[in-house]
Amino acid sequence: MARHVLTRDAKVEADKSAAPIPRPLSLANEVYEAIFSQLMALKIAPGARITVDNLSRELGVSQTPIREALGRLEGEGLVNKTHLIGFSAAPQISVRQFANLYELRLLLEPHAAREAVARLTDKNLAALTEAAGVMGRRAKSGDERARYSQFARQDAVFHDMIVQTAGNDLIRDTLAHQHVHFHIFRLMFHSRVTAEALEEHEAIIAAFEARDGQAAEQAMRAHIERSRDRLLPVFE
Ligand SMILES: [Zn+2]
C-alpha cells in the first residue's frame, strides 16, 4: 500500500463535510485489496481480531475506507463483526465444512462444465481462455501475497464463468453463496496450489476448445478432486 493515498484520503475526508463527494473508487479498492490479500495469505490469521485503528495506521488511510472494506469482506464471508467486540477474521473452515464444500462442488461443477460445452459460444470460449490466461500471466509478476490473492479471485471468476455459461442460475447462486474459493485458498498459502491448478485449468480449456462435453466434465472433476487432495493435508 503506497503512502500517497494518505493525502488523497485526507482531502476526501475534508471535502466530505462540505459536499458529498464520492470517495475515489481506486482508494476504496486499494484498501480493500490490501486487507483481502492479508487475509488470503494468512498475514491476518483466521479468527484473529482486526483493529480498525491498527489497519488505519498500517495502511496510512483514515478509518472510513477501512470500515468500508471490512464491511465488504464481511459480505464475502471473510470477516465477522460482533456487537461490542468489533471485527475479526473469519475462522478457518472445519474439516467437515471442507468435505461438504467439495461434495457440493463435485455434484455441481462437473455437470455444469458439460452443460457449458453444449451452450458454448465463441465469445464464451474467448472469455474463459482469457480468464485462464490472466492467472498464468499474473503468476509471474508482483509480490507473492498479492499474486496469491489475485489468483484466488481469478479462480473464482473462472469457475463462475463456466457455471454461468451452463445457464442454471440456481446452481450458480448456490456456489457463489459459499465463497468457496476465498475459503479454500485461505487454507494454505503455497505456490504449488496455483501452479498445479493452472495445468488443470488448461485441460478444462482444451476440452472446451474441442467442444467435448464429456472431456470437460472429466477435466472439471479431476481438477476439483486434485484441489481437495492438495488441501486435505492442512487438516492432518
Ligand atoms: Zn480452479
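The values are calculated or read from the model by the stated rules, or taken from the named source; none is laboratory data. Not measured: the values here are computed from a predicted model. Don't worry about glycine lacking a Cβ; one is built from the backbone with ideal geometry, like all the others, and counts go over all protein chains shown. The protein model used for the area step is the full one, side chains on, heavy atoms only, and it has no ligands, DNA or RNA in it. Shrake-Rupley method; radii C 1.70, N 1.55, O 1.52, S 1.80 Å.
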Practice problem: Multiply the residue separation of LEU170 and ASP143 by 0.36 nm, subtract the distance between their alpha-carbon atoms, and state the gained length in nm to one decimal. | Solution: 6.0 nm
Quiz item: Most fluctuating residue of ARG96, ARG105, ARG211 in a GNM of the chain with Cα springs under 10 Å: which is it?
Solution: ARG96
Exercise. Choose one answer from ALA90, ALA41, ALA210: the residue with the largest mean-square fluctuation in a GNM of the chain with alpha-carbon springs under 10 Å.
Key: ALA210
Self-check item: Rounded to the nearest 20 debye, dipole of the chain from Cβ charges on Lys, Arg, Asp, Glu
Solution: 640
Quiz item: Taking a probe of 1.4 Å, how large is the accessible area per residue of the chain, in Å²?
Solution: 51
Quiz prompt | Whole-Å semi-axes of the stretch 91-223's equivalent ellipsoid (Cα gyration tensor) | solution = 23, 19, 12
Quiz prompt | Overall Cα dimensions of the chain - principal axes, largest extent first, Å | solution = 59, 42, 34
Quiz item: Size of the dipole of the stretch 57-139 about the Cα centre, Lys and Arg at +1 and Asp and Glu at -1 on the beta carbon, nothing else charged, in debye to 20?
Solution: 100
Quiz prompt | Rough spin-label spacing in nm, given labels placed 7 Å along Cα→Cβ, for ASN29 and ALA126 | solution = 2.2
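Excluding LEU175 itself, what net charge comes from residues whose Cβ is under 13 Å from its Cβ, given Lys and Arg +1 and Asp and Glu -1?
With Lys, Arg at +1 and Asp, Glu at -1, the neighbours total -4.
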Quiz item: Among HIS183, HIS83, HIS111, whose mean-square fluctuation peaks in a Gaussian network model of the chain (Cα, cutoff 10 Å)?
Solution: HIS83
